[in-house]
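This report concerns only the one structure given below.
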Amino acid sequence: MPFYAKSLDANYARLVDKELRASHAGETGAVWIYRGALVAEFIWCLLHINKTEDDTKRFIREHLETERAHLAIFESEMPLFRGSFILPLWIAAGFITGFLPRLLGKNWFFYTIYCVEEFVDLHYDEQCKNMSALSIPPSNVIERFKHCQEGEQHHRDEALAMMTRQPSLLMRLWGRVVEKGSLFAVAIAKLI
Ligand SMILES: [Fe+2]
Ligand SMILES: [Fe+2]
């Protein structure tokens, strides 16, 4: 094999590896967003404040199941890849992103989920485009990314539909923090 073919192969493998690592970190974080939200739900329960919150609990449980299924796809159906060395950080970031907004209220939580899922949808889109442009697109990976993307689109739309009022200025600022933080996390996860 000529040396340039070898280096093309190496570049190809590196690109797919990075995309898999970034999205595996993202799906890990997503599972913990909903676990964080469940802990906050539990606190609301202890305070006896949320007797009419059944829809929110159902939302959290259903989304948690979907995110666990997404994570299982990355861990058992994808080609082998190197996981992020700082997974505990993504777990902590996910937990806080679910816990804090849910503690602040339903609209805070649903708006946060809307912002996260909107980001993830666009990110999956960009990843699929990048991999489709490769000389031999990894169709097995792209198909599974698209499957996960459909789930995220559904989550985003459901979160928006669950909101009972327009987001406040503070919520919009928080949404920007979530978006920029997610962008930063993707860049870091691709590296380490
Ligand atoms: Fe997901
Ligand atoms: Fe999701």
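The values are calculated or read from the model by the stated rules, or taken from the named source; none is laboratory data. As the structure is a prediction and not an experimental result, all values here were calculated from the model. For neighbour counting, all protein chains shown are included, and Cβ atoms are generated from backbone atoms with ideal geometry for every residue, glycine included. When the accessible area is computed, the model is the full protein with side chains, heavy atoms only, and any ligands, DNA or RNA have been set aside. Shrake-Rupley method; radii C 1.70, N 1.55, O 1.52, S 1.80 Å.
The table that follows gives values for the structure above.
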{"item": "Segment 34-192 - percent relative contact order, Cα under 8 Å, separation 6 or more", "result": "30"}
{"item": "Percent carbon-and-sulfur accessible area, the chain, ignoring ligands, DNA and RNA, probe 1.4 Å", "result": "64"}
{"item": "Spin-label model distance (nm) - D54 vs A13, 7 Å beyond Cα toward Cβ", "result": "5.4"}
{"item": "Of I86, I113, I136, the one that fluctuates the most in a GNM where the chain has Cα springs shorter than 10 Å", "result": "I136"}
{"item": "Segment 8-93, relative contact order in percent, only Cα pairs under 8 angstrom and at least six apart counted", "result": "54"}
{"item": "Loop-resident sites, segment 152-192, for trypsin sites (Lys or Arg not before Pro), counting at most 10 other Cβ within 10 Å (DSSP)", "result": "R165"}
{"item": "Accessible area of the chain divided out per residue, in Å², using a probe of 1.4 angstrom", "result": "55"}
{"item": "Too-long pairs where the Cα-Cα distance tops 22 Å, listed order kept, from K57/K106; K106/K190; K57/K180; K146/K190", "result": "K106/K190; K57/K180"}
{"item": "The chain - mean residue ellipticity at 222 nm from DSSP helices (-39,500 (n - 2.57) per run, n ≥ 4, rounded to 500)", "result": "-29500 deg cm²/dmol"}
{"item": "Helical segments meeting 20 Å axial Cα length and Kyte-Doolittle 0.0 threshold in the chain (DSSP H)", "result": "3-46, 87-104, 169-191"}
{"item": "Choice from L104, L64, L38 showing the highest fluctuation, given a GNM over the chain with Cα pairs closer than 10 Å", "result": "L104"}
